[in-house]
Amino acid sequence: MIILGVDPGFDKMGCAVLSKTNNKDELVYSTCIITNRKDAHEKRLLFIGEKLKKIISKYKPEIIAVEKIFFTTNQKTALKVAEARGIVLYLAALRHAPVVEFTPLEIKMAITGYGKADKEQVKKMVKAILKTEKIPEIDDEIDAIAVALTCPPRGGQLHLSTR
C-alpha cells in the first residue's frame with residue numbers, strides 16, 4: 001500500500017510517501033513544500049497545489065492521510081492552513097484516493113503511545129519504526145511521516161472518509 005502523509009500548512013507543508021508491505025514501513029520520499037512569503041496569497045496556494053499534484057502523480061498513493069488542524073489562538077493562521085488543507089482534499093478527490101484524517105493526539109498515540117508526546121519523542125519513534133538513523137530535520141516533514149505511519153491505525157481498522 002502506498003500512503004501519502006500530509007502535515008498541512010500554508011508556509012510549510014510536510015509530505016511523506018510511505019510504502020507498507022507485510023507490516024513493514026518504508027519511507028519512499030519526503031519533502032517540505034515551502035511557499036515564498038513575498039508571493040500573493042493565491043500564488044502561494046497555487047504553488048502548494050502544483051507541488052502536491054506532482055507528488056501525487058509520481059507516487060500514485062492509494063490513501064492520503066492528513067492531519068486534522070487544531071488551532072486555539074490565531075484564526076488568521078488557521079484559515080490559511082485550512083485553505084491549504086482544502087487543496088490536499090481537492091487533489092485527493094481528483095485522484096479518487098480515499099482520505100483518512102487524524103488528530104495530533106491520535107498521531108502521537110499511534111507513534112509513541114502517549115498523546116502528549118513532544119516533537120523529540122515523535123522524531124525518536126519515527127526513527128525506530130522506520131529502523132533508520134537518517135530522517136529529515138524539518139519538523140513538518142517528520143510530522144508528515146508520522147501521519148503516514150499512523151495510517152492504517154496500528155492494531156485498528158481503517159475508517160475511510162466518504163467524500
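Yes or no, residue by residue, for (1) crowded, with 17+ Cβ neighbours inside 10 Å; (2) more than 13 Å from Ala16 (Cβ to Cβ):
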| residue | (1), (2) |
| --- | --- |
| Glu62 | no, yes |
| Gly86 | no, yes |
| Leu94 | no, yes |
| Lys108 | yes, yes |
| Lys119 | no, yes |
| Asp143 | yes, no |
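Suppose the filter is out of contact with any His (no Cβ under 6 Å at 6 or more places or on another chain) and at pLDDT below 95; does Val28 pass it? Give the derivation first.
On the way: out of contact with any His (no Cβ under 6 Å at 6 or more places or on another chain): yes; at pLDDT below 95: no.
In short, no.
Taking the stretch 12-25 as the search range and keeping residues that are modelled with pLDDT of 95 or more and not hydrophobic (A, V, I, L, M, F, W, C), which one is surrounded by the most Cβ atoms within 10 Å (Cβ to Cβ)? Even if it seems obvious, please write down each step before you answer.
Filtering the stretch 12-25 for residues modelled with pLDDT of 95 or more gives 12-19.
This time we only want the ones that are not hydrophobic (A, V, I, L, M, F, W, C), so: 12, 14, 19.
Values: Lys12: 18, Gly14: 26, Ser19: 15.
The extreme case among them is Gly14.
Are there any pairs with C-beta distances below 6 angstrom linking a residue in the stretch 109-124 that is within 14 Å of Glu137 (Cα to Cα) to a residue that is hydrophobic (A, V, I, L, M, F, W, C), with the two at least 6 apart or on different chains, and if so which?
What qualifies is Val122/Ile111; Val122/Ala146; Lys123/Ile142.
Show the residue pairs that are 6+ apart or on different chains and have beta-carbon atoms under 8 Å apart, the first residue being within the stretch 92-106 and under 10 Å from Pro61 (Cβ atoms), the second being among the acidic types (Asp, Glu).
Ala97/Glu62; Pro98/Glu62
Which of the residues belonging to the stretch 51-71 are touching a strand residue (DSSP E or B) at 6+ places or on another chain (Cβ under 9 Å), over 15 Å from Ala146 (Cβ atoms) and in a loop (DSSP other than H, G, I, E, B)?
Lys60, Pro61, Glu62
Without any contact (Cβ under 8 Å) to a residue 60 or more places away in the chain, under 15 Å from Cys151 (Cβ atoms), in a strand (DSSP E or B) and hydrophobic (A, V, I, L, M, F, W, C) - does that describe any residue in the stretch 25-33?
Let us first name the residues in the stretch 25-33 that are without any contact (Cβ under 8 Å) to a residue 60 or more places away in the chain, namely 28-29, 33.
Now restrict to residues that are under 15 Å from Cys151 (Cβ atoms): 28.
Applying the additional criterion that residues be in a strand (DSSP E or B) yields 28.
Within this subset, residues satisfying the condition of being hydrophobic (A, V, I, L, M, F, W, C) are 28.
Yes, the stretch 25-33 has at least one match.
Tell me the helices (runs of 4 or more DSSP H) entirely within the stretch 73-163 that contain at least 3 residues that are at pLDDT below 95 and closer than 22 Å to Leu45 by Cβ. Spell out how you get there, then give the answer.
Working: elements: 75-95, 104-112, 119-130, 139-150.
Helices (runs of 4 or more DSSP H) meeting the threshold: 75-95.
The values are calculated or read from the model by the stated rules, or taken from the named source; none is laboratory data. Please read these numbers as outputs of a predicted model, since none were measured by experiment. All Cβ positions, even for glycine, are placed from backbone atoms using ideal geometry, and neighbour counts span all protein chains on display.
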